[in-house]
Amino acid sequence: MARIVAGVATSHIPAVGAAWDNKKTAEPYWQPVFQGFEPSKEWIAKVKPDVCIVVYNDHMSAFSLEIVPTFAIGCAAEFPIADEGWGPRKVPAVKGHPELASHIVASTVLDEFDITIVNKMEVDHGLTVPLTLMFGQPEEWPCPVIPIAVNVVVYPVPTGHRCYMLGKAIREAVESFDQDLRIVIFGTGGMSHQLQGPRAGLINREFDTRFLDNLTRDPAANVRIPHLEYLREAGSEGIEMVMWLIMRGALDDDVRERYRFYHVPASNTALGHIILENARV
Ligand code: DHB
Ligand code: FE
């Protein structure tokens, strides 16, 4: 059967992608960021996942105000890179896994999660920046990727609890797929950041640290965080962190923290990153 073996959470700051694409990784501002992901790149090169499920949000690249799915899953064989205003990032197109994605649709819908099927979709920095951070710049991404897009842009966004339960449904779906696949699930976005308005630039290290601590040992505490607390404590875009709870829900209750990295500033954002492995092997 297929199994989710580990979870990766990381911010998906577009400026990090631009720094990589424009070869600025050695500049003093960016060097610590990329250095912080060196252990992660080594780790994932050893884990060698057969498939990655990447939970991210679209930033009005594939979707617009015309259609706003709360949860959407990419079932296509390939996802082109979106043009976010400067031309598409020069990274490999993302290859999907239509068979497993369709299986996840069937399983989660029957599990009473109404997830939108997307057969044609471009992917933006929310998905590609985490791939760059974890895999660098290969000719091709090393494995198929199943994008799961979550609306965290337009009110109402799903609750942390709903996200966590979707994670559990995804895990069940994966475990009922009859191919031997080792899967790593990503949760992207966060950590504390607010991009506009009088509070632009807000960073809350204390909130972020507690969120990271609880992700490993007391996810229920994170699951209870209401929207208003994210907005107040972590800024308007800090709400992206609900997506980390989908990743966490898809793991075992018992996980070990393999690696953590936290860095401020990166753009207007606190960059947070954690790797969790299921405790049972
Ligand atoms: C920025 C954009 C994002 O989508 C995000 O998650 C973090 C930062 C930015 O524009 O700086
Ligand atoms: Fe974002």
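The values are calculated or read from the model by the stated rules, or taken from the named source; none is laboratory data. Since this is a predicted model, take the numbers as computed values, not measurements. Every residue, glycine as well, gets a Cβ built from its backbone with ideal geometry; the counts of neighbours run over all protein chains shown. Side chains included, ligands, DNA and RNA excluded: accessible areas come from the protein's heavy atoms. Shrake-Rupley method; radii C 1.70, N 1.55, O 1.52, S 1.80 Å.
Here are some notes:
- Residue count for the stretch 11-23, restricted to those that are more than 16 Å from ligand 1 (Cβ to nearest atom) and either open to solvent by less than 80 Å² (accessible area, probe 1.4 Å) or under 23 Å from SER192 (Cβ atoms) (or both): 0
- Residue satisfying all of: in the stretch 189-207; part of a helix (DSSP H, G or I) and in contact (Cβ under 8 Å) with a residue 12 or more places away in the chain; most open to solvent (accessible area, probe 1.4 Å) among these: ARG205
- Selection status of ALA26, among the hydrophobic types (A, V, I, L, M, F, W, C), more than 16 Å from ligand 1 (Cβ to nearest atom) and closer than 30 Å to THR116 by Cα: no
Here's the yes/no breakdown for (1) on the phi < 0 side of the Ramachandran plot; (2) of a type outside the set (Ser, Thr, Tyr); (3) within 15 Å of ligand 1 (Cβ to nearest atom):
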site: LEU228; (1), (2), (3): yes, yes, no
site: GLY235; (1), (2), (3): no, yes, yes
site: VAL264; (1), (2), (3): yes, yes, yes
site: ALA279; (1), (2), (3): yes, yes, no
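- Among the residues listed as ALA9, ALA72, ALA62, the single one being farther than 13 Å from THR128 by Cα and within 13 Å of the chain's Cα centre (by Cα): ALA9
- Looking only at the stretch 266-277, and only at residues there that are within 10 Å of ligand 1 (Cβ to nearest atom) and in a strand (DSSP E or B), the one that is surrounded by the most Cβ atoms within 10 Å (Cβ to Cβ): THR269
- Test: residue in the stretch 208-218 that is crowded, with 24+ Cβ neighbours inside 10 Å and more than 30 Å from GLU175 (Cβ to Cβ): no
- Matching entry among VAL47, VAL55, VAL91 (being hydrophobic (A, V, I, L, M, F, W, C) and within 16 Å of ligand 2 (Cβ to nearest atom)): VAL55
- Candidate set: the stretch 24-50, residues that are of a type in the set (Gly, Ala, Ser) and surrounded by fewer than 18 Cβ atoms within 10 Å (Cβ to Cβ); chosen: the one nearest to GLY7 (Cα to Cα): ALA45
- Number of positions in the stretch 19-29 that are free of Cβ contacts under 8 Å to residues at least 24 places away in the same chain and under 24 Å from VAL123 (Cα atoms): 5
- Scanning the stretch 118-167 for residues that are within 16 Å of ligand 1 (Cβ to nearest atom), within 13 Å of the chain's Cα centre (by Cα) and not hydrophobic (A, V, I, L, M, F, W, C) yields ASP124, HIS125, GLY126, THR128, PRO130, THR132, PRO147, ASN151.
- Residues in the stretch 192-239 that are under 17 Å from the mean Cα position of the chain (by Cα) and under 20 Å from LEU251 (Cα atoms): PHE211, LEU212, LEU215, THR216, PRO219, ASN222, VAL223.
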